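Here is the structure we will look at, set down as structure tokens.
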Amino acid sequence: MAGTARFGMLCEMAKDFYEVLGLKKGASAEEVKKAYRQLSKELHPDKHKGDKDAERKFKEVNEAYEVLSNPKKKQMYDQYGVGGNGPQGGGGNGFGGFDFSSFSGGDMSGFSDIFESFFGGSAQGGRRGAVADDAGADREVSITVPFMDVVKGATKIISVRKLAPCERCEGTGAEGGAALITCTECGGTGQVTRSTASFFGTIQQRYVCSKCRGSGKVPEKPCKKCDGEGRVQQTVELTIGIPAGLHDGQTLRMRGLGDAGRRKAPAGDLYVTVRVTPHPEFVRDGDDVRSVKKISVLDALLGAEVSVETVHDSMMLKVPEGTQPQQVFRIRGQGMPVLSSSKMGDHYVTVQVEIPTKLSREERRIVEEWRKLKTL
Ligand SMILES: [Zn+2]
Ligand SMILES: [Zn+2]
């Protein structure tokens, strides 16, 4: 880079903006800011009076920062790269042949993904290359379900207020089946090229056409209901599958069930956080369940079979002779279903021994006898 002759500069213009800032492609806004601060300090013209190379680099850095510090421009750049005549212009990220119709929108298309869940993971972006502004936003909702729903799994119908495809125009944004005509702004290419005169020559940059938002087509007559957006705010009923074993506070990600995209652009995702109401009898402990069983002092002394409720069934538990208060018994495989597996946790029963507060005369006589026996 050092010692590059001036005539080489135009070519260098197409240099990757990230590279200019010494960053990896797609670096975060924070990293961009940091790198810019550092470099602009180092390369500041006050420090390098008359040094053409430094001056050029300083300009480059500023140029790169101007694009990468602007979220919209950055996103555009990340997706389409710099256009123009530069040797690296566009790269494989070219805009040509971009076809919105291949995204069959997705109001209800997320249905098969219904059980997909992410736990503590990050919500992967994955916008499939749509123009950012057009893609539907992600939405978040929270629902509360009874404890038993996460034991057996359940299906819930929820109402969500969100942008959904316009029924009048079927999401196309065109009124009464009006044809889509070629956008006059960009001539149907979906992009406009702007030239900017600069210190080192003309810089050409390609932008997504603001009129057709990159589709190259606009409705001849915009739909009256959605004003050509192809989507409107409405309350939509969605069916949500609650997987067995789901934990309180976990979130389900449902692809394509967020806001609809503009004119059939990809929809956002819906994140459903599920709260589980506590059960009066069962306490969840990871994948295990705990409960308390009261038994009589005689059953504790002599042993017995007592009936115990688990989340699945009622069963007989053998309490051996000499069972102690607060003794815990495990019933294998009778706990919660383990999420995304066929395993089951265990059920733990804590025994509470009930000591009678009143004895009949007869009982008292017997127990007195017993005491005498013990003290002999
Ligand atoms: Zn419409
Ligand atoms: Zn256009």
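Summary table below
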| item | result |
| --- | --- |
| Odd one out for residue 224, checked against (1) within 16 Å of ligand 1 (Cβ to nearest atom); (2) open to solvent by 60 Å² or more (accessible area, probe 1.4 Å); (3) in contact (Cβ under 8 Å) with a residue 40 or more places away in the chain; (4) in contact with a strand residue (DSSP E or B) (Cβ under 7 Å, 6 or more places away or on another chain) | (4) |
| Candidate set from segment 157-179 (those that are within 13 Å of ligand 1 (Cβ to nearest atom) and not in a loop (DSSP other than H, G, I, E, B)); member that is surrounded by the most Cβ atoms within 10 Å (Cβ to Cβ) | 165 |
| Residues (out of contact with any Pro (no Cβ under 9 Å at 6 or more places or on another chain) and part of a loop (DSSP other than H, G, I, E, B)) located in segment 328-354 | 332, 333, 334, 335, 336, 338, 341, 342, 346 |
| Segment 234-255, residues that are open to solvent by 10 Å² or more (accessible area, probe 1.4 Å) and either within 12 Å of ligand 1 (Cβ to nearest atom) or within 19 Å of the chain's Cα centre (by Cα) (or both) | 234, 239, 243, 247, 248, 249, 250, 251, 253, 255 |
| Residue ranges of helices (runs of 4 or more DSSP H) in segment 1-55 with at least 2 members open to solvent by 40 Å² or more (accessible area, probe 1.4 Å) and either modelled with pLDDT under 70 or hydrophobic (A, V, I, L, M, F, W, C) (or both) | 9-12 |
| Considering residues of segment 192-216 that are of a type outside the set (Ser, Thr, Tyr), assigned to a strand (DSSP E or B) and more than 8 Å from ligand 2 (Cβ to nearest atom) only, the residue farthest from residue 67 (Cα to Cα) | 201 |
| Enumeration of residues in segment 285-305 that are within 30 Å of residue 339 (Cα to Cα), touching a strand residue (DSSP E or B) at 6+ places or on another chain (Cβ under 8 Å) and not hydroxyl-bearing (Ser, Thr, Tyr) | 285, 287, 288, 289, 290, 292, 293 |
| Residue check for residue 231: modelled with pLDDT under 85, within 26 Å of the chain's Cα centre (by Cα), surrounded by 15 or more Cβ atoms within 10 Å (Cβ to Cβ) and within 16 Å of ligand 1 (Cβ to nearest atom) | no |
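The values are calculated or read from the model by the stated rules, or taken from the named source; none is laboratory data. Since we're looking at a predicted model, the values are computed, not measured. For neighbour counting, all protein chains shown are included, and Cβ atoms are generated from backbone atoms with ideal geometry for every residue, glycine included. To get the accessible areas, we keep the full protein, side chains included, count just its heavy atoms, and leave off ligands, DNA and RNA. Shrake-Rupley method; radii C 1.70, N 1.55, O 1.52, S 1.80 Å.
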